[in-house]
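Down below is the structure, laid out as structure tokens.
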Amino acid sequence: MSLVTEEIKASASEIYHGDAICQEKSKFLLTEMGLPNGLLPLEDIEECGYVKDTGFVWLKQKKQKAHKFEKIGKLVSYGTEVTAIIDKFKIKKLTGVKTKELLMWITLGEITVDDPPTGKITFAATSGLYRTFPVSAFHVEDVKKDVDLAKDGKVVEEVKKEAPQVKEV
């Protein structure tokens with residue numbers, strides 16, 4: 001069941017369709033809110049939207065994705081629909097995101113970046129558990145820009161090696 005109703009869509013400040021524009025807009029919104037741009041490494045995004053009055057944001061992708069954040073060694077699963085309330089330095093009421101801890105998948109409910117900045121980001125589960133990591137582990141450079149600037153195959157291969165690895169579930 002989708003949390004994004006027609007009523008929410010009607011009140012949306014912005015709605016976009018298509019992977020390229022949704023990738024761009026989601027990274028821009030994260031950065032604008034003081035959050036690292038690599039928090040939502042989704043693929044094949046079909047729709048994204050933002051209700052500015054409430055901070056409600058949603059992203060719908062074609063299929064569930066798992067992503068390993070290499071710098072911290074954590075596996076995270078993103079459902080076909082990810083929703084949240086976004087505010088400056090904070091994501092709350094997060095749905096559609098789980099992280100693997102030991103042998104269990106834990107549902108994340110909140111993400112907070114320290115203000116004033118300390119370089120730390122905290123992930124809180126709906127169960128009350130939380131973990132803190134360096135913000136830098138969730139920041140990605142604009143790989144597309146690097147590829148556009150590449151003039152030979154060696155540079156393109158180097159960019160591909162440095163890009164985060166995404167595994168399908």
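Readers should treat all values here as calculations from the given coordinates under stated rules, not as data from a laboratory. Computed from a predicted model, the values in this text were never measured in an experiment. Cβ atoms come from the backbone with ideal geometry, glycine included; neighbour counts cover every protein chain shown.
A few points about this structure:
- Its alpha carbons considered, segment 1-129 gives a radius of gyration followed by a Dmax of 14.1, 41 Å.
- Summary of the geometry: segment 1-70 and segment 77-91, compared by the centres of their Cα atoms, lie 8 Å apart.
- Rough spin-label spacing in nm, given labels placed 7 Å along Cα→Cβ, for Asp115 and Glu70: 3.2 nm
- Ordering 116-128, 40-52 by mean Cβ neighbour count within 10 Å, with the highest value first, yields 40-52, 116-128.
- Evaluating 6.51 cos²θ - 1.76 cosθ + 1.60 at θ = phi - 60° for every residue in segment 92-99, the Karplus couplings come out as 10, 6, 6, 10, x, 10, 10, 10 Hz, glycine and proline recorded as x.
- Positive end of the dipole of segment 1-148 (Cβ unit charges, origin at the Cα centre): among Gly73, Ile111, Leu42, the Cα lying farthest that way belongs to Gly73.
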